[in-house]
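One structure below.
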Amino acid sequence: MTRASIDNQHSTKASVLPLGEDDPDFVRALARGLAVLECFQDAADGLTLSAVAERTGLTRGSARRLLLTLEFLDYIGANDRRFFLRPRAMRLGQAYLASQPLWSRAQQLLEDLVTQTNHASSLGLLEGGEALYVARAVPKRLIDNDIPVGTKIPAYANSMGKILLAHMSKEDLDNYLRNVTLKKHTPHTISSKTELRRDLAAARERGWSFSDEEVQLGLQALAVPIMNLDGQPVAALNITRYTSTANSDTLEQYVPIVQKTAAEISKLVFWHPQFRFPSGRR
């Protein structure tokens, strides 16, 4: 992004958004409440008051008041001194997806891709260092859709996350690698930042990324970027398969088909005036 475009972006936002936490239009209570909701990610067993305070950087008193307010609104539940998200919290994510009919329009293209490849297919965005699933289609032979829309997976281990990381600017990628902790989800997960940088460079060079059992044993995925009018990636498209059901074919042989579908979805992006970058854009 050029200096001029950054200045224009700031001048556009200045009239409608607070410039920082000290701006009189900035509502601290709302920001802290949202931080409390977001801190429950990867907390399947719930969180104690102390854990919420630690994750959000709030005092125990502030965290307690926010938790009780969110509990009253039915966004959070409590049991045996542990707090957990209630189903109503899903409305926040569903509201975003419902406001972006682009992904609904792309659903048929995903289903067509599944028919052509007989492999599951997904669309994802880069959100805060994670791949966020916004649309998905699976073959009829798969009874369960085991990766529902709204799922987030660490970008460094996910095929869609990788291709979007691969197209980051050097500055943004350096910042990402400086702050990310590479956890091994399986023995195949890349845990070396040097190795990950090489893997991303190769993905950018060839135009597609590959995740070979890095998130889950037996699960392979290949992804290509979805481009906007300026040729910048705004999302990613992948196909996945389980090695237990694989035949002699390879995912790489489907690259042209996946790229063709990605090009069709890119056309939707070109002409979709309501499309907006998510908060975790590159």
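For the subset of segment 72-90 comprising residues that are free of Cβ contacts under 8 Å to residues at least 24 places away in the same chain and charged (D, E, K, R), which member is surrounded by the most Cβ atoms within 10 Å (Cβ to Cβ)? My answer is 86.
Condition check: surrounded by 11 or more Cβ atoms within 10 Å (Cβ to Cβ), among the hydrophobic types (A, V, I, L, M, F, W, C) and within 26 Å of residue 151 (Cβ to Cβ). Does residue 68 satisfy that? For residue 68, the condition - surrounded by 11 or more Cβ atoms within 10 Å (Cβ to Cβ), among the hydrophobic types (A, V, I, L, M, F, W, C) and within 26 Å of residue 151 (Cβ to Cβ) - is not met. Would you call residue 237 in contact (Cβ under 8 Å) with a residue 40 or more places away in the chain and assigned to a helix (DSSP H, G or I)? When the stated conditions are applied, residue 237 does not pass them. Among the residues of this structure, residue 83 counts as one that is in contact with a Leu (Cβ under 6 Å, 6 or more places away or on another chain) and at pLDDT 90 or above.
Considering only segment 115-129, I want to know if a residue exists there that is under 22 Å from residue 209 (Cβ atoms), assigned to a helix (DSSP H, G or I) and modelled with pLDDT of 85 or more. Before you say what the answer is, go through the steps one by one.
Residues of segment 115-129 under 22 Å from residue 209 (Cβ atoms): 116-129.
Retained after the next criterion (residues that are assigned to a helix (DSSP H, G or I)): 116-117.
With modelled with pLDDT of 85 or more added as a condition, the list becomes 116-117.
Yes, the conditions are met somewhere in segment 115-129.
Only one of the numbered conditions (1) under 24 Å from residue 90 (Cβ atoms); (2) touching a Lys or Arg at 6+ places or on another chain (Cβ under 9 Å) is violated by residue 182, and that is (1). Report yes if residue 162 is buried (at least 19 other Cβ atoms within 10 Å of the Cβ), in the same structural domain as residue 265 (by TED's automatic domain parsing) and in contact with a helix residue (DSSP H, G or I) (Cβ under 6 Å, 6 or more places away or on another chain), otherwise no. Judged against the criteria, residue 162 is a match.
Residue 112 meets all of the listed conditions (1) at pLDDT 95 or above; (2) under 19 Å from residue 258 (Cβ atoms) but one, namely (1). A search for C-beta distances below 6 Å between a residue of segment 18-29 that is closer than 21 Å to residue 66 by Cα and any residue that is at pLDDT 80 or above and aliphatic (A, V, I, L, M), counting only pairs 6+ apart in sequence or on different chains, returns nothing.
Scanning segment 50-67 for residues that are in contact (Cβ under 8 Å) with a residue 12 or more places away in the chain, touching a helix residue (DSSP H, G or I) at 6+ places or on another chain (Cβ under 8 Å) and either of a type in the set (Ser, Thr, Tyr) or closer than 9 Å to residue 36 by Cβ (or both) turns up 52, 56, 58, 62, 63, 66, 67.
The values are calculated or read from the model by the stated rules, or taken from the named source; none is laboratory data. The structure presented is a predicted model; accordingly, all values stated were derived computationally and were not measured. Positions of Cβ are backbone-derived with ideal geometry, glycine not excepted, and every protein chain shown enters the neighbour counts.
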